[in-house]
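Q: Would you mind keeping the following structure in view while I ask a few things?
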Amino acid sequence: MTIREQTEAIERKILHPKACLSSQSRGRLKPEKEGDIRTCFQRDRDRIIHSKAFRRLKHKTQVFLAPRGDHYRTRLTHVLEVSQIARTIAKALRLNEDLTEAIALGHDLGHTPFGHAGEDILREIHPGGFDHYKQSLRVVDFLEKDGQGLNLTYEVRNGILKHSKGKGMVIPRMKSARADTLEGQVVRVSDIIAYVNHDLDDALRAGVIKKSDIPLRIMKTLGDTHAKRIDTMVRDVIYQSSKIDLASILMSQRVLSSTEQLRDFLYQQVYESERIIREFRKAQKILRDLYAYYLEHTDQMFAEIPKIDKMNTHRMVCDFIAGMTDRFALMMYERLFLPQQWTVL
């Protein structure tokens with residue numbers, strides 16, 4: 001019996017009957033021989049962590065563009081916070097932590113530079129539209145490893161695809177809008193728990209809002225500190241989901257309503273505030289100009305962007321732009337569009 005088989009046997013003994021077992025995965029796009037040490041979901045997690053797209057997340061904006069402080073969140077710290085919250089919930093509910101962690105770490109691999117400002121502009125100018133969750137799937141299926149992709153399991157890929165909410169429902173009523181696994185549903189709710197709290201924290205640090213601006217009803221329900229709010233939300237998900245024996249992942253109406261109110265507050269006072277929008281417009285101009293330039297100069301894109309004869313130019317440029325970090329986009333814009341200083345020897 002291999003170590004992997006021992007781990008799979010332990011999963012069958014201790015995990016909830018509705019948890020997704022590694023031994024019952026629906027498999028990969030391209031069949032592979034199983035390893036003797038790690039389960040399929042552990043291998044997925046490791047492939048994501050070692051990918052180039054994961055490393056680039058450290059230089060991709062969460063909300064604040066090019067912040068000078070060291071303590072503002074980036075896309076990388078966001079996925080780490082989502083992963084930690086999701087693992088806490090999964091462990092309490094006896095779900096598969098390895099699957100949960102893999103989905104959480106991979107859910108934003110396709111995010112653009114400059115946060116949602118980048119996503120909005122690519123959605124506008126790319127003929128096929130753009131959604132970061134679809135791009136995340138494209139990264140793991142095709143763009144990584146020079147066009148080979150990471151060949152992840154169905155369950156991780158499905159969780160990545162179904163994590164996104166925008167201003168939509170945190171917990172969809174329609175089953176088709178939810179991840180097929182409870183672990184994927186945990187990541188979806190953990191994503192909003194993480195971002196409404198850390199974005200609020202960053203907005204307070206940046207002076208965009210004051211603590212007194214936060215609606216009192218939200219503070220009363222969720223808590224008056226970062227730690228209390230996360231604790232309230234996480235506990236609520238665990239106990240509410242347990243009440244119905246994990247028929248789905250739930251929040252109580254009281255906590256869910258306050259969470260959505262906090263999200264709406266952040267959209268009004270932070271994400272769509274004039275101060276943030278003003279910077280977003282600058283970022284969008286940068287990406288718009290870069291997109292137009294590379295349409296005419298595809299030969300200047302990195303060689304590692306897969307180039308297949310059947311792929312149209314717009315698709316290649318969109319992949320290239322979406323994969324940029326904030327600082328790489330700024331550097332290329334300066335190099336291509338701004339006068340360079342003469343070097344006199």
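The values are calculated or read from the model by the stated rules, or taken from the named source; none is laboratory data. Everything numeric in this text was worked out from a predicted model, so none of it was measured. Counting neighbours? That spans all protein chains shown, and the Cβs are built from the backbone with ideal geometry, glycine included. Each accessible area value is taken on the protein alone, full model and side chains, heavy atoms only, with ligands, DNA and RNA left out. Shrake-Rupley method; radii C 1.70, N 1.55, O 1.52, S 1.80 Å.
Q: Please state which one of M233, M219, M301 is farther than 20 Å from R73 by Cβ, in contact with a helix residue (DSSP H, G or I) (Cβ under 9 Å, 6 or more places away or on another chain) and open to solvent by less than 20 Å² (accessible area, probe 1.4 Å).
A: Matching residue, one of M233, M219, M301: M301.
Q: Against the definition (under 22 Å from the mean Cα position of the chain (by Cα), of a type in the set (D, E, K, R) and surrounded by 19 or more Cβ atoms within 10 Å (Cβ to Cβ)), how does D44 come out, yes or no?
A: In short, yes.
Q: I'm checking my understanding of the structure. Among residues of the range 184-204 that are among the charged types (D, E, K, R) and over 16 Å from E155 (Cβ atoms), which one is surrounded by the most Cβ atoms within 10 Å (Cβ to Cβ)?
A: Residue satisfying both the conditions and the ranking: D191.
Q: Checking the structure you have, find out if any residue of the range 106-125 is surrounded by fewer than 18 Cβ atoms within 10 Å (Cβ to Cβ) and among the aromatic types (F, W, Y).
A: no
Q: So N312 passes all but one of these: (1) modelled with pLDDT under 95; (2) within 18 Å of E124 (Cβ to Cβ); (3) touching a His at 6+ places or on another chain (Cβ under 9 Å). Which condition number does it fail?
A: That leaves (3) as the condition not met.
Q: When the residues of the range 230-246 are narrowed to those that are of a type outside the set (D, E, K, R) and outside any helix (DSSP H, G or I), which ends up nearest to the chain's Cα centre (by Cα)?
A: Result: L246.
Q: Name the single residue that is farthest from R263 (Cα to Cα) among those in the range 165-183 being buried (at least 16 other Cβ atoms within 10 Å of the Cβ) and either free of Cβ contacts under 8 Å to residues at least 12 places away in the same chain or small (G, A, S) (or both).
A: So, considering only residues that are buried (at least 16 other Cβ atoms within 10 Å of the Cβ) and either free of Cβ contacts under 8 Å to residues at least 12 places away in the same chain or small (G, A, S) (or both), the one farthest from R263 (Cα to Cα) is A179.
Q: What are the residues in the range 247-263 that are part of a helix (DSSP H, G or I) and either over 27 Å from M174 (Cβ atoms) or of a type outside the set (D, E) (or both), if any?
A: Q253, R254, V255, L256, S257, S258, T259, Q261, L262, R263
Q: Check T100, T88 and return the single one that is open to solvent by 10 Å² or more (accessible area, probe 1.4 Å), touching a residue at least 12 places away in the same chain (Cβ under 8 Å) and polar (S, T, N, Q).
A: It is T88.
Q: Answer yes or no: is there a residue in the range 293-303 that is outside any loop (DSSP other than H, G, I, E, B), under 20 Å from K60 (Cα atoms) and modelled with pLDDT of 95 or more.
A: No - not one qualifying residue is present in the range 293-303.
Q: I've got another one for you. Name the single residue that is surrounded by the most Cβ atoms within 10 Å (Cβ to Cβ) among those in the range 1-34 being touching a helix residue (DSSP H, G or I) at 6+ places or on another chain (Cβ under 6 Å) and free of Cβ contacts under 8 Å to residues at least 40 places away in the same chain.
A: Taking the candidates together, the pick is E8.
Q: Tell me the residue from G223, G207 that is touching a Lys or Arg at 6+ places or on another chain (Cβ under 8 Å) and more than 18 Å from L80 (Cα to Cα), please.
A: Testing whether each residue is touching a Lys or Arg at 6+ places or on another chain (Cβ under 8 Å) and more than 18 Å from L80 (Cα to Cα) leaves just G223.
Q: Then there is this: Of the residues that sit in the range 247-275 and are more than 23 Å from the chain's Cα centre (by Cα) and among the charged types (D, E, K, R), which one is nearest to I89 (Cα to Cα)?
A: This residue is R254.
Q: Of the residues M311, M332, only one is closer than 25 Å to R55 by Cα and either of a type outside the set (D, E) or without any contact (Cβ under 8 Å) to a residue 60 or more places away in the chain (or both); which?
A: Going through M311, M332 in turn, the sole match is M332.
Q: Show the residue pairs meeting these rules: Cβ distance below 9 Å; 6+ apart or different chains; first residue within the range 135-164 and free of Cβ contacts under 8 Å to residues at least 12 places away in the same chain and more than 15 Å from S176 (Cα to Cα); second residue among the aromatic types (F, W, Y) and outside any strand (DSSP E or B).
A: Within 9 Å, the pairs are Q148/F142.
Q: A follow-up question, please. For the range 141-148, state whether one or more residues are open to solvent by less than 10 Å² (accessible area, probe 1.4 Å) and modelled with pLDDT of 95 or more.
A: No, the conditions are met nowhere in the range 141-148.
Q: Determine whether A117 is assigned to a helix (DSSP H, G or I), more than 26 Å from I37 (Cα to Cα) and over 13 Å from the mean Cα position of the chain (by Cα).
A: Spelling it out, A117 is indeed assigned to a helix (DSSP H, G or I), more than 26 Å from I37 (Cα to Cα) and over 13 Å from the mean Cα position of the chain (by Cα).
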